[in-house]
Amino acid sequence: MPFESDPQPPHTGKPKTFAGGAGAVTSALKHVMKSAGPIRGTQALLELNQKDGFDCPSCAWPDPDDHRAHAEFCENGAKAIASEATTHRIDRRFFQTHSIADLLEKSDYWHDQQGRLTEPMILHAGETHYQPISWDDAITHIANELKGLDHPDQAVFYTSGRASNEAAFLYQLFARHFGTNNLPDCSNMCHESSGTAMKQAIGVGKGTVTLDDIHQADTILCIGQNPGTNHPRMLAALEKAVENDGRVIAINPLKEAGLIGFAHPQKISGMLGKSTPLASQYLQVKVNGDLALLRALGKELFEREDAQPGSVIDHDFVRQHTQGIDAYRHRCENANWDQLITQSGIPKNDIQQLADTILRRDRKLITCWAMGITQHRNAVATIREITNLHLLLGAIGRPAAGLCPVRGHSNVQGDRTVGIYEKMPESFLAALDGEFGITCPRQHGYDTVDAILAMHQGAAKVFFSLGGNFLQASPDTDFTAQALSNCTLTCQVSTKLNRSHLVTGQTAIILPCLGRSERDTQSGEDQFVTCENSMGIVHMSKGKLNPASPDLLSETDIVARLAKATVGDTRAIHWRQLVNHYDQIRDMIEKIIPDFAPYNQQVRHPGGFYLPNHAKMRIWDTPTSKAEFSDSACDQFQVAEGRLVLQTLRSHDQYNTTIYGLNDRYRGIGMGRRIIFLHPDDMKSRGIAPVSQVDITSHWEDGERRAENFYAIPYDIPIGTAAAYFPEANVLVPVHSTALESNTPTSKSIEISLQPSH
Ligand SMILES: Nc1nc2c(c(=O)[nH]1)N[C@H]1C(S)=C(S)[C@@H](COP(=O)(O)OP(=O)(O)OC[C@H]3O[C@@H](n4cnc5c(=O)[nH]c(N)nc54)[C@H](O)[C@@H]3O)O[C@H]1N2
Ligand SMILES: Nc1nc2c(c(=O)[nH]1)N[C@H]1C(S)=C(S)[C@@H](COP(=O)(O)OP(=O)(O)OC[C@H]3O[C@@H](n4cnc5c(=O)[nH]c(N)nc54)[C@H](O)[C@@H]3O)O[C@H]1N2
Ligand SMILES: [Mo]
């Protein structure tokens with residue numbers, strides 16, 4: 001990887017104490033007008049999240065069921081649209097002008113500014129520049145490479161969570177028909193820990209609440225997430241809950257503006273900067289101190305129950321619906337208060353106050369969480385501990401109570417539902433076999449980390465990516481770069497240029513596709529696709545803008561062409577015909593997953609339809625048919641004396657690896673990304689002056705990794721912990737450091753030491 005640095009120190013100012021307001025609107029409009037111009041930009045924003053418009057490609061937070069504002073979007077949704085609807089174009093001249101070496105020297109921010117990809121390109125082995133290639137030749141090249149492999153498991157088919165249900169279903173059907181379950185996806189780096197834990201505990205890997213539940217909840221815990229930046233429309237829901245006398249509790253090492261307060265930009269008061277306070281209690285937990293905090297809360301609840309039997313535990317629910325409370329009770333009773341307080345960094349009276357809040361009124365408790373929980377070694381145990389709390393109080397499967405893992409990519413949940421998973425259950429594979437007369441492989445495939453290792457060892461040779469930016473999103477950037485370079489072919493279906501197009505196998509191919517916002521016409525008829533949001537609602541998404549180039553194909557079409565060229569039609573699957581009308585693909589999905597039926601009818605209802613969720617109905621699809629308490633030790637990520645725990649997170653101006661701008665407005669940072677937030681005492685004790693540059697070394701059992709020239713920023717963060725932006729800090733995340741059971745890279749707990757830069 002070429003070395004990158006920020007030439008100037010960042011501007012630093014006071015972190016904000018609320019999110020939204022006029023600043024959010026100004027920023028949104030600035031991004032849209034700069035990239036997309038007044039006409040295309042305004043058209044895009046008006047279609048966004050309307051019932052007959054397109055689904056915002058930014059996050060998976062649901063739209064209101066009933067009333068939708070004319071402008072049902074947020075600042076960061078607007079940035080996502082500005083990036084996609086941009087009027088800038090990358091054509092063949094661009095690739096003639098810029099060699100790969102040249103493009104590698106540019107920043108990720110620069111890459112995004114260059115605009116939309118417009119035609120298929122190929123980088124031949126040994127060449128320095130991409131060249132144009134026709135669609136037919138590109139598809140034939142990939143198909144031949146796949147057919148020439150010794151075994152189908154030498155191919156890896158990655159998916160990023162923007163792919164529609166229709167594209168994703170065809171893609172997994174193709175991969176399995178071809179003969180492999182190697183279907184890693186971004187979810188492996190994201191909410192895999194949530195799916196794993198919830199499946200064990202309640203039999204379904206999805207959240208159990210609706211937007212209306214959030215509005216009506218008594219208490220909402222927001223643990224390890226930054227909704228002001230990553231799910232801004234969630235703030236409107238939290239505001240409604242607070243207006244209904246609900247309480248929001250924030251659990252986060254950083255004081256995030258969007259959890260402190262919210263000025264609704266669609267209300268006059270909000271535009272004038274009048275904010276609604278959100279979190280009634282803000283617990284600045286140590287990084288990875290959540291399990292200890294939750295255990296302490298459990299201990300407090302059992303102590304109160306003992307003092308006044310029947311006052312805390314929902315005994316009827318526990319008896320009828322659960323199993324394993326005794327082991328959990330022992331864990332809590334045997335835990336030591338002092339140790340839990342030290343581990344979590346939260347004093348006992350704060351935990352008692354938290355218990356008071358949760359136990360008031362009807363214990364309608366909702367817990368929301370995201371990457372601050374899922375990307376740790378003990379993530380699965382921590383999420384099971386969250387579930388324990390809900391089981392104890394019977395706070396699941398009743399109105400305004402339940403679990404709410406807040407998903408990332410707008411269709412990451414839907415992709416998993418329709419089969420993007422390296423270990424789909426036997427029932428699903430058997431259904432594919434039966435319906436389509438194929439034989440799906442049964443051996444589990446590679447997840448993201450295993451795919452990196454396989455490519456690194458040479459066991460996998462062709463890497464195909466349906467969206468995403470594998471190199472920059474994955475851990476251990478240098479190691480992953482080597483893995484991709486070992487391939488014979490790397491191929492990306494993409495809308496925008498990114499670094500995964502530049503660190504490649506011997507041959508590389510870029511297949512440019514339509515974005516969500518664009519019209520997708522097949523056989524003369526405009527098509528829509530469907531997505532599933534974080535709350536299990538399947539709805540349609542119909543792009544209206546003119547495509548960025550006449551040479552773009554839809555993802556669905558690209559997958560069908562590749563499948564036809566590689567495995568060919570069968571009696572039951574006519575790949576190219578399926579694309580003539582996407583209703584046919586939805587009919588196929590419904591045959592494999594009857595929960596969708598009648599898919600084509602229901603999805604045409606304005607707003608879409610809910611997929612059934614058994615846990616919501618208190619039906620537990622676990623081996624015992626009960627909801628399971630967990631029984632796990634209260635461990636924590638430990639670092640050697642003098643070292644710090646680093647978490648990697650998102651700034652306000654990025655979408656994962658897409659960098660929209662260089663500011664992190666709510667945290668008071670301007671014009672800088674290579675920064676590390678530190679506690680002032682940790683800086684002082686190491687002789688690090690504010691805004692001086694440091695090199696970061698990460699420590700793991702296999703050795704050290706380094707990232708140079710990060711500006712040290714004093715910040716309100718628990719002592720002993722640090723934070724830096726992803727993807728700049730990904731070089732520090734060891735590929736072998738993953739969460740137990742879910743194999744998710746531990747991007748939120750990395751052991752580091754600091755040295756002054758030279
Ligand atoms: N604008 C925008 N929207 C996005 C994205 C984006 O990049 N930009 N990404 C999308 C995707 S794919 C995802 S998965 C989501 C991500 O949404 P988030 O999970 O909100 O994203 P992160 O920035 O990783 O934020 C992690 C939060 O967890 C906190 N945290 C870190 N470690 C710990 C810990 O040990 N304990 C606790 N309690 N908190 C901790 C951090 O301080 C930070 O506030 O957002 C989605 N939406
Ligand atoms: N250190 C660290 N690493 C992390 C994380 C972290 O918190 N810390 N978070 C992880 C998480 S939660 C996730 S989800 C992953 C994200 O991993 P990915 O999903 O792989 O990455 P993205 O940055 O979302 O992908 C951006 C690219 O997608 C392409 N794209 C955009 N829209 C479309 C479209 O409509 N169709 C197609 N085909 N392509 C499109 C564009 O070319 C763009 O460059 O990163 C993970 N990596
Ligand atoms: Mo994610």
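The values are calculated or read from the model by the stated rules, or taken from the named source; none is laboratory data. Here the structure is a predicted model, which is why all the values come from computation and not from measurement. Counting neighbours? That spans all protein chains shown, and the Cβs are built from the backbone with ideal geometry, glycine included. Just so you know, the surface numbers come from the protein's heavy atoms only, side chains and all, with ligands and any DNA or RNA stripped out. Shrake-Rupley method; radii C 1.70, N 1.55, O 1.52, S 1.80 Å.
General remarks:
- Of the helices (runs of 4 or more DSSP H) that lie entirely inside region 169-275, those containing 2 or more residues that are touching a residue at least 24 places away in the same chain (Cβ under 8 Å) and away from ligand 2 (no atom under 16 Å from the Cβ) span 192-202, 211-216, 232-243, 257-260, 268-271.
- Test: Ile341 is open to solvent by less than 40 Å² (accessible area, probe 1.4 Å) and modelled with pLDDT of 95 or more: no
- Flag if Ile313 is more than 26 Å from Pro399 (Cβ to Cβ) and touching an Asp or Glu at 6+ places or on another chain (Cβ under 6 Å): no
- Of the candidates Asp102, Asp112, Asp52, the single residue that is open to solvent by less than 30 Å² (accessible area, probe 1.4 Å) and not aliphatic (A, V, I, L, M) is Asp112.
- Options Thr374, Thr387: the member that is within 15 Å of ligand 1 (Cβ to nearest atom), in contact with a helix residue (DSSP H, G or I) (Cβ under 6 Å, 6 or more places away or on another chain) and more than 18 Å from Leu238 (Cα to Cα): Thr374
The rows are residues; the columns are (1) closer than 24 Å to Leu403 by Cα; (2) in contact with a Pro (Cβ under 6 Å, 6 or more places away or on another chain); (3) away from ligand 2 (no atom under 16 Å from the Cβ); (4) assigned to a helix (DSSP H, G or I).
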residue: Ile619; (1), (2), (3), (4): yes, no, yes, no
residue: Ser625; (1), (2), (3), (4): yes, no, yes, no
residue: Gln636; (1), (2), (3), (4): yes, no, yes, no
residue: Leu662; (1), (2), (3), (4): no, no, yes, no
residue: Gly672; (1), (2), (3), (4): no, yes, yes, no
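- Asn244 open to solvent by 20 Å² or more (accessible area, probe 1.4 Å), touching a helix residue (DSSP H, G or I) at 6+ places or on another chain (Cβ under 8 Å), farther than 14 Å from Ala257 by Cα and not aromatic (Phe, Trp, Tyr): yes
- Region 630-654 residues that are closer than 27 Å to Pro227 by Cβ, paired with ones that are among the aromatic types (Phe, Trp, Tyr) (beta carbon under 6 Å, 6 or more apart): Thr648/Phe726; Ser651/Tyr725; His652/Tyr666; Asp653/Tyr660
- All positions within region 606-648 that are at pLDDT below 95 and in the same structural domain as Phe436 (by TED's automatic domain parsing): Pro606, Gly607
- Checking each residue in region 733-757 for being away from ligand 1 (no atom under 14 Å from the Cβ), more than 20 Å from Asn709 (Cα to Cα) and either β-branched (Val, Ile, Thr) or not in a loop (DSSP other than H, G, I, E, B) (or both) picks out Val735, Thr738.
- Enumeration of residues in region 711-731 that are among the hydroxyl-bearing types (Ser, Thr, Tyr) and more than 16 Å from ligand 2 (Cβ to nearest atom): Tyr711, Tyr715
Per-residue answers, yes or no, for (1) in contact with a helix residue (DSSP H, G or I) (Cβ under 9 Å, 6 or more places away or on another chain); (2) under 15 Å from Ala723 (Cα atoms); (3) surrounded by fewer than 19 Cβ atoms within 10 Å (Cβ to Cβ):
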residue	(1), (2), (3)
Ala640	no, no, yes
Thr648	yes, yes, no
Gln654	yes, no, no
Ile659	yes, no, no
Asn663	yes, no, no
Leu678	no, yes, no
Met683	no, yes, no
Gly687	no, no, yes
Val691	no, yes, yes
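- Qualifying residue in region 287-307 (condition: in contact (Cβ under 8 Å) with a residue 40 or more places away in the chain, open to solvent by 10 Å² or more (accessible area, probe 1.4 Å), more than 16 Å from ligand 1 (Cβ to nearest atom) and assigned to a loop (DSSP other than H, G, I, E, B)): no
- Where helices (runs of 4 or more DSSP H) fall wholly inside region 426-538, the ranges with 1 or more residues that are touching a residue at least 12 places away in the same chain (Cβ under 8 Å) and surrounded by fewer than 20 Cβ atoms within 10 Å (Cβ to Cβ) are 426-436, 448-457, 477-485.
- Of residues in region 701-715 being open to solvent by 10 Å² or more (accessible area, probe 1.4 Å) and touching a helix residue (DSSP H, G or I) at 6+ places or on another chain (Cβ under 9 Å), the one nearest to Arg667 (Cα to Cα): Tyr715
- Phe95 meets the conditions (1) part of a loop (DSSP other than H, G, I, E, B); (2) within 16 Å of ligand 2 (Cβ to nearest atom) in every case but one. The failed one is (1).
- Residues (hydrophobic (A, V, I, L, M, F, W, C) and within 16 Å of ligand 1 (Cβ to nearest atom)) located in region 169-197: Cys186, Met189, Cys190, Ala197
- Single unsatisfied condition, Asp583 versus (1) charged (D, E, K, R); (2) modelled with pLDDT of 95 or more; (3) open to solvent by 40 Å² or more (accessible area, probe 1.4 Å): (3)
- If you filter region 369-420 down to residues that are over 13 Å from the mean Cα position of the chain (by Cα) and part of a strand (DSSP E or B), you find that the one that is nearest to Gln172 (Cα to Cα) is Cys404.
- Sole exception among (1) touching a Phe, Trp or Tyr at 6+ places or on another chain (Cβ under 6 Å); (2) of a type in the set (Val, Ile, Thr); (3) assigned to a strand (DSSP E or B) for Val691, by number: (3)
- Every condition in (1) open to solvent by 10 Å² or more (accessible area, probe 1.4 Å); (2) within 30 Å of Gly536 (Cα to Cα) holds for Pro62 except the one numbered (1).
- Within region 558-573, tally of residues that are assigned to a helix (DSSP H, G or I) and open to solvent by 10 Å² or more (accessible area, probe 1.4 Å): 4
- Taken over region 379-411, the criterion of being open to solvent by less than 10 Å² (accessible area, probe 1.4 Å) and within 16 Å of ligand 3 (Cβ to nearest atom) is satisfied by Ala379, Ile383, Cys404, Pro405, Val406, Ser410, Asn411.
- Just one of the listed residues (Gly228, Gly258, Gly179, Gly203) is more than 30 Å from Leu578 (Cα to Cα), at pLDDT 95 or above, among the small types (Gly, Ala, Ser) and open to solvent by 10 Å² or more (accessible area, probe 1.4 Å), namely Gly203.
- Residue in region 139-157 that is of a type in the set (Val, Ile, Thr), in a helix (DSSP H, G or I) and open to solvent by less than 50 Å² (accessible area, probe 1.4 Å) present: yes
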